[in-house]
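Below: one structure, written as structure tokens.
The values are calculated or read from the model by the stated rules, or taken from the named source; none is laboratory data. Here the structure is a predicted model, which is why all the values come from computation and not from measurement. Glycine also receives a Cβ, built like all others from the backbone with ideal geometry; neighbour counts cover every protein chain displayed. Areas reflect the complete protein model, heavy atoms only, side chains present, ligands, DNA and RNA absent. Shrake-Rupley method; radii C 1.70, N 1.55, O 1.52, S 1.80 Å.
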Amino acid sequence: MRILKLSLIAALVTTSLFSAKINYYSIKGVFVSDEAKGAMGKILGWDGNKNSSFSEWQKSAIGIFDTSFRQKFSSLESLENQTNVSEVITAYIKITRFSEYQVPKSESRMDYYFPVTASVSFVNTATGEVLYTNQFTDYMVYEGMKSDAGSVAFAQEKEKIFKNSFANLSENLLKGAAEKFKPSEIETKVLKEAGGLLILDKGSDAGMAVGEQLVQKKLRVTIVHVDRNYSVAKPLLKTLIPIGTVFQKFVTEGGDASSIKKPKVALYIDTALNPSYKDQMKQFFTDKIAQAGAFNVIPVDKMFTTIYNNTLKSTISVTQQQEVEKRQAPDYAVRLSINGQYFVKEPSDKDWASFDNYGALVCGDWVDMKSSKVVYSTCKYETIRDEVVGNIRFENSARQEIVLKNAVQAIAEDFAQKIKFTPTVVNIQEVDGKLAVLENKEGILQAEDNLEGYKNIGHIDGIEGDVRIPVGTLSVRVDGKSSIIKNLKKQATFSLEKGDTAYSQKVDFPKEAKLLILSEPIVVGDYTLDNVRNLALSVASATSSYPIFGDQSFATKNIDLLKLDGFDIEEKEIKSIETNYFLVPRYGITTISEKCEDTGICEGSYSVSAGVRVYEGPLADEKIIFKTALKEDRTIFYPKEYKKDKLDGEFLGMIRSLLEQTAEKIKL
């Protein structure tokens, strides 16, 4: 028996400009995702917190992590007496994945793989902003016998392997952090108050970004606008903030110097079909987009909220707890969804060989969170076909993860190439109450666009050029060559006037003016599929010339997912879309014939149809103004044992193709 070790590491960092003395604090806890905890129960027999072996390991693991942390960072014992938590960076470790898979080496020998994935995160204690995240995968390979499985000795060996992996993870994660994470503080001073907002003397050139919170003891502000050499902040907690107040902000070295200027986008995973790959999907996408993308990704992490709200708050005083506020939600989110994942084992024409087939269909949607508009979508279907000699094959879960990784990274590459933020500045021509009118040259603005209205308040000493402050959030209603803009949410006490400006930094693709809201699909035939509604939303957005919106349930689900990560977003902020057009996908699968041979190989003939309908007015009126559908008959051969996976994969691919062809034809 031999134990081998392999490791994979990935890091995400932001950028720094200055240096300062930093205080660190290590949370006294080791956090385990639900998926990893379930794997511990299955592989090690540890039933979560109820199991004494798990509890004993967790206690020792806390000591291992804390000892390694203190060797590399000057750590505070507690936050109880810390008067200004904005001067503290807090670190924590979490295990996101633990699994076991086997690779036969001969008739009697077996390699057992035990990958364990963990990440260490450093956060701004006062705001919850993640400053640095480092992920590490430790692979321990146990070279043994097939007969080892199920033995008491092997069970003990697996516990030892897992504990050794955690020690390796702690050491490597913190070693990487000590080498790459170089935090510093920058200072910015309040120069002026205008309309209830504060003008600060640092901008994007110094590392400031919209949505960040700055804290100075009991004073707290959030950044609502950033220019190159100044920022505009909104006070929180209704506390008077004097002119001259100095705030601090952490920045970190290592990474793309332009990343601080990129817009932030939330990333969440819709894992209705397979939740076990959620953390891996986040990392696959984020790693790929980090360098090439025009935006920074903020993964939505339920565990982060649990850690921050429960554990961190319990270590600080009641007064300091009042400083902890929810984070401002980004305007956009990326939604990744697994719409199909398949494994089919097929025979070959050789007695000693067979084929293992893996497939994954993943879609990515760029969603405007304030309207549930799906701005851009793409779907990628990736496959792997392995020839298996004898019974020596790759572990199923390992190959499933690879094919999923290929699909997610293909989406990330597509987004990096296609998603570009375009700044738009227009002059306001007239204002009447809460309505403003501006010229919409060349149709730059589209219905449901969000803009920010700005007032020029002139020159302020210490800042080069004129200063503009955000007055309110605006929503566009297109009317001919002009855009009528409704003031939805005020930032300042000023009102917009003729000559002021409206600004947006948006991602958009040219679409027709009419808006379509996706509704539940109509299903006919004798075979149904999961997740067709998700697929139809992505396909329609990708191919239709009309903007596609999710319905209220889609908006609510998006909000609920962001709330899990502590983002400050409410359902009432979601605009009610003014449209009479509803897009209803339709599909049907009908079995024509099926027959199976004694060999277990079956032949089936099927008729598959898919299309779209557009209704005008309430769906109950059934006024169809557009409909089209296509049909395809296909004969499919499949092993009887893998009928569902084989047919699901074939049918979903056919329906995707038919929906693409029909959605492209929509004309109203």
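Going down the list Lys514/Lys623; Lys94/Lys146; Lys189/Lys218; Lys180/Lys218; Lys288/Lys418, which pairs span over 21 Å between their C-alpha atoms?
Details: Lys514/Lys623 17 Å; Lys94/Lys146 32 Å; Lys189/Lys218 16 Å; Lys180/Lys218 31 Å; Lys288/Lys418 14 Å.
Flagged as over cut-off: Lys94/Lys146; Lys180/Lys218.
Rank by packing, highest mean first: peptides 401-410, 456-465, 587-596, with packing defined as the count of other Cβ atoms within 10 Å averaged across residues.
Per-residue Cβ counts within 10 Å, averaged per peptide and sorted highest first, yield 401-410, 587-596, 456-465.
How large is the dipole of the range 103-149 about the Cα centre if only Lys and Arg carry +1 and Asp and Glu carry -1, each at its Cβ, rounded to the nearest 20 debye?
The calculation lands at about 80 debye.
Using a simple spin-label model with points 7 Å from Cα along the Cα→Cβ vector, what separation in nm is obtained for Tyr101 and Ser605?
Roughly 3.9 nm, to one decimal.
Please find the FRET efficiency linking Asn427 to Lys218, where r is the Cβ-Cβ separation and R0 is fixed at 60 Å, and quote it to the nearest 0.05.
It comes to 0.90.
Along the Cα→Cβ direction, 7 angstrom out, place labels at Lys667 and Leu435. What is the inter-label distance in nm?
Placing both labels 7 Å beyond Cα along the Cβ direction yields 3.4 nm.
What does the charge add up to near Val532, with Lys and Arg as +1, Asp and Glu as -1, over the other residues with Cβ less than 13 Å from its Cβ?
Residues close to Val532 contribute a combined charge of 0.
Work out how much length Ser545 to Asp349 would gain on full extension: take 0.36 nm times their residue separation and subtract the Cα-Cα distance, in nm to one decimal. Walk me through the numbers before you get to the answer.
Details: separation 196, 0.36 × 196 = 70.56 nm, distance 4.71 nm.
Gain in length upon complete extension: 65.8 nm.
Calculate the all-directions average of the projected area of the range 368-413's alpha-carbon convex hull, and give it in nm². Before the final figure, lay out the partial values.
Working: hull surface 17.6 nm².
The Cα convex hull of the range 368-413, projected and averaged over all directions, gives 4.4 nm².
From a point 7 Å beyond the Cα of Ser397 in the direction of its Cβ, which residues of the range 51-69 have a backbone N at a distance under 19 Å?
54, by backbone N distance to the label point.
Leaving ligands, DNA and RNA out of it, report the carbon-plus-sulfur percent of the accessible area of the range 352-423 at a 1.4 Å probe.
51
Find how much the distance from Asp466 to Val152 grows on full extension, using 0.36 nm per residue of separation minus their present alpha carbon separation; answer in nm with one decimal.
Once the chain is fully extended between Asp466 and Val152, it gains 105.6 nm.
Between Lys623 and Glu497, 0.36 nm times their residue separation minus their Cα-Cα distance comes to what? If you can, show how the numbers build up before the last one.
On the way: separation 126, 0.36 × 126 = 45.36 nm, distance 4.31 nm.
Extra length available between Lys623 and Glu497 comes to 41.0 nm.
Looking only at Cα atoms, what is the convex hull volume of the range 338-450 per residue, in Å³?
125
Based on the mean of other beta carbon atoms within 10 Å per residue, what is the order of 639-648, 228-237, most packed first?
The peptides rank, most packed first, as 228-237, 639-648.
Tell me which residues come under 5 Å, amide H to amide H, from Asp500 once H is placed; ignore anything under 5 positions away on its chain.
Ile428
Using a 1.4 angstrom probe on the protein heavy atoms only, line up Arg109, Arg586 by accessible area, largest first.
From most exposed to least exposed: Arg109, Arg586.
Can you give me the distance in nm between label points at Asn164 and Thr635, each placed 7 Å from the Cα along the Cα-to-Cβ direction?
Once both label points are built, they end up 5.6 nm from each other.
Using a Förster radius of 60 Å, what is the FRET efficiency between Lys28 and Cys596 based on their Cβ-Cβ separation? Nearest 0.05, please.
Here the calculated transfer efficiency is 0.50.
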